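K.L.:
Starting off with a structure, shown below.
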Amino acid sequence: MKQDSLLFAPMEINGMHLKNRLVKSATYEAMAAADGSVTDQLIDMYTSLAKGGAGLTITGYAYIQENGHCMPLQTAVFSDDHIPGLRKLVDAVHQEGGKIALQIAHAGRQTTSDLIGGQTPMAPSAIEADPLFHTEPRAMTIEEISETIDAFGAAAARCKQAGFDAVQLHGAHGYLIAQFLSPFTNRRTDEWGGNTENRMRFAKEVIKKVRSTVGPNYPVLIKISVEEGVENGLTIEESCIIAKGLADAGVDAIEVSGGIVADTAFVMSRGEVPIDQMAGGLEGDAKAQTEQALYSIVNSVKMEEAYWLSHAEKIKEVAGAVPVMLVGGMKYPQTMATIVQENKADFISMARALIREPALPREMAEGRKSPVKCGYCNRCLAAVVGGQPLKCYNRL
């Protein structure tokens, strides 16, 4: 890779100086302690990524309320008690010269009653159970909506207090912010649902609250699903309206992704579908339902390089000066460089490729032209769903 490539040119996001345009996209790690606190294993993984040379590393989602817990061994940020461990993580990354953002989220309907202390998961609307969590959520009250918005703000303040360089709101993949944005999951008829503007209200109020807690000069990023792959779900046309609304609301960067974890996970993570792994721990109707859902999509989610590229170009057209990050199926260094050079996206995000090769950014900066070694088998995705730590499970 030529050193004069824009891919390795520095760029700032609201005062955060990044040495290049490569981003480690957020991925659930299954490495936190049972109470959500940071472990040495988690720190070691992010230290390795920082040494690898990405301009920015974004952590896997941290839950902002106890009832927003999505998966076991998920990092938490709902209490000040979590700050010391998070600060230790930040310090380790900074020591290697890296920049790190904390991704914060609420599971909404994408959890189980067992995981949140016997409560019924809450969501914008009470809708049918999904094929992954097999749980019917209840509709949030107005009071709960307000409390959750406040919780996002408090979590962002803890993020800043712990020393993170930025915070990213998880507004993609079917988590709570995305649930409000999407007509598939938001079927409310009050001011929090209905038309696009009403469905954006929750995200905008979260941004407003976060901004009030971290101040104007702290980077606030957001990740969105621009296509959800379900009937009556978000499409790129409506997502362009949403992206412009979020940019106007004051976010500092928008990461473009797609899919819903509970319903269309492999729209998000295209490639092979490891059905045996995904359904292996289930029994009875749950197992049959999951297998049927996965078999039905095998041929429609084949790997394609930079598969959200055309969507990112459309988002960039409406985002104004707000930078756009593109994730999904990155393969060749030259493709990544060309995307940035041609102003189709401002940053290239990778998750699976950097799980396989943490040092990939440094090697690209030194001239590497060969494709990434990740085969997009998605065994890492299946592993973390099963409670195994995030790593490459296909080093053959």
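Every number in this text was worked out from the coordinates using simple rules, so none of it is lab data. Computed from a predicted structure; not experimentally measured. Cβ sites come from the backbone with ideal geometry, for glycine too, and all protein chains shown count toward neighbours.
K.L.:
Determine the percent antiparallel among the DSSP beta bridges restricted to the chain, to the nearest 5.
P.N.:
Numbers: 3 of 36 bridges.
Roughly 10 percent of the beta bridges in the chain run antiparallel, per DSSP.
K.L.:
About its Cα centre, what dipole magnitude does the chain give when the only charges are +1 on Lys and Arg Cβ and -1 on Asp and Glu Cβ, stated in debye to the nearest 20?
P.N.:
Working: 38 positive and 47 negative charges, 260 e Å.
Dipole about the Cα centre, nearest 20: 1260 debye.
K.L.:
Can I ask one more? Given H placed on each backbone N at 1.01 Å, which residues far from Ser113 in sequence or on other chains put an amide H within less than 5 Å of it?
P.N.:
none
K.L.:
Counting only complete DSSP H runs, which helices of the chain cover 24 Å or more along their long axis at the Cα atoms and score a mean Kyte-Doolittle of 0.0 or above?
P.N.:
Working: long enough: 142-162 (30 Å, 0.09); 196-214 (27 Å, -0.75).
Result, helices passing both filters: 142-162.
K.L.:
Right, another one. Among the GluC sites (Glu not before Pro) in segment 203-282, which ones are in a DSSP loop with at most 15 other Cβ atoms within 10 Å of the Cβ? Mind listing them? Don't jump to the answer; show the numbers that get you there.
P.N.:
On the way: sites: Glu205, Glu227, Glu228, Glu231, Glu237, Glu238, Glu255, Glu272; in loops: Glu227, Glu228, Glu231, Glu272.
Sparse-neighbourhood loop GluC sites (Glu not before Pro): Glu231.
K.L.:
Can you bin segment 216-278 into rounded, prolate or oblate? Criterion: square roots of the alpha carbon gyration tensor eigenvalues sorted a ≥ b ≥ c, rounded for a/c under 1.5, prolate for a/b above b/c, oblate for the rest.
P.N.:
Working: a/c = 3.74, a/b = 1.85, b/c = 2.02.
Oblate shape, in that a/c is at least 1.5 and b/c is the bigger or equal ratio.
K.L.:
Moving to a separate point now. Add +1 for every Lys or Arg and -1 for every Asp or Glu among the other residues with Cβ under 13 Å from the Cβ of Gly97, and state the total.
P.N.:
Numbers: positive: Lys19, Lys51, Lys99, Arg362; negative: Asp91, Glu96, Asp165.
Spelling it out: positives minus negatives among the neighbours equals +1.
K.L.:
Then there's this: Please give the FRET efficiency for Gln334 paired with Ser212, using the beta carbon to beta carbon distance and R0 = 35 Å, rounded to the nearest 0.05.
P.N.:
Step by step, r from the Cβ atoms, then E = 0.20.
K.L.:
Another question about this same structure. Within segment 277-310, what residues put their amide N at less than 19 Å from the label point 7 Å along the Cα-to-Cβ vector of Gln388?
P.N.:
277-283, 291
K.L.:
Here's something else I'd like to know. Do any trypsin sites (Lys or Arg not before Pro) in segment 222-304 lie in a loop, going by DSSP, with at most 14 other beta-carbon atoms within 10 Å of their beta carbon, and if so which?
P.N.:
Working: sites: Lys223, Lys244, Arg270, Lys287, Lys302; in loops: Arg270, Lys302.
Qualifying residues, ordered by number: Lys302.
K.L.:
Then there is this: Using the count of nearby Cβ atoms within 10 Å as a rough guide to exposure, how do Thr27, Thr196, Thr75 rank from fewest to most?
P.N.:
Numbers: Thr27 21, Thr196 14, Thr75 27.
Least crowded to most crowded, the residues run Thr196, Thr27, Thr75.
K.L.:
Please sort by residue number the chymotrypsin sites (Phe, Trp or Tyr not before Pro) in segment 64-167 whose DSSP state is loop and whose Cβ has at most 13 other Cβ atoms within 10 Å. Before the final figure, lay out the partial values.
P.N.:
Numbers: sites: Phe78, Phe133, Phe152, Phe164; in loops: Phe78, Phe133, Phe164.
Here no chymotrypsin sites (Phe, Trp or Tyr not before Pro) fit, given the DSSP loop and packing criteria.
K.L.:
Provide Trp308, Trp192 in ascending order of the number of other Cβ atoms located within 10 Å of each residue's Cβ, fewest first. Each step should come with its number before you reach the end.
P.N.:
On the way: Trp308 26, Trp192 20.
Listed from fewest to most nearby Cβ atoms, that is Trp192, Trp308.
K.L.:
Let me know the shape class of the chain, please: from the alpha-carbon gyration tensor, a ≥ b ≥ c as square roots of the eigenvalues, rounded when a/c is under 1.5, otherwise prolate if a/b is greater than b/c, or oblate.
P.N.:
On the way: a/c = 1.30, a/b = 1.18, b/c = 1.10.
Judged from the Cα gyration tensor, the chain comes out rounded (a/c under 1.5).
K.L.:
If you count, for each residue, the other Cβ atoms within 10 Å and average over each peptide, how do 45-52, 12-19 line up from highest to lowest? If you can, show how the numbers build up before the last one.
P.N.:
Working: 45-52: 19.5, 12-19: 16.5.
In decreasing order of mean packing, 45-52, 12-19 become 45-52, 12-19.
K.L.:
From the Cα gyration tensor of segment 1-131, with a ≥ b ≥ c the square roots of its eigenvalues, which class applies: rounded if a/c is under 1.5, or else prolate if a/b is larger than b/c, or else oblate? It would help to have the intermediate numbers written out before the result.
P.N.:
Details: a/c = 2.69, a/b = 1.82, b/c = 1.47.
Verdict is prolate for segment 1-131.
K.L.:
What is the calculated FRET efficiency for Glu144 to Asp40, with r their C-beta to C-beta distance and R₀ = 51 Å, to the nearest 0.05? Kindly include the intermediate steps, with their values, before the conclusion.
P.N.:
On the way: r = 36 Å, r/R0 = 0.70.
Efficiency, rounded to the nearest 0.05: 0.90.
K.L.:
Here's another thing I want to ask about it. If each residue's Cβ is checked for other Cβ atoms within 10 Å, how do Asp252, Asp285 rank with the fewest at the top? Before the final figure, lay out each step's value.
P.N.:
Values: Asp252 22, Asp285 9.
Ascending Cβ contact count within 10 Å gives the list Asp285, Asp252.
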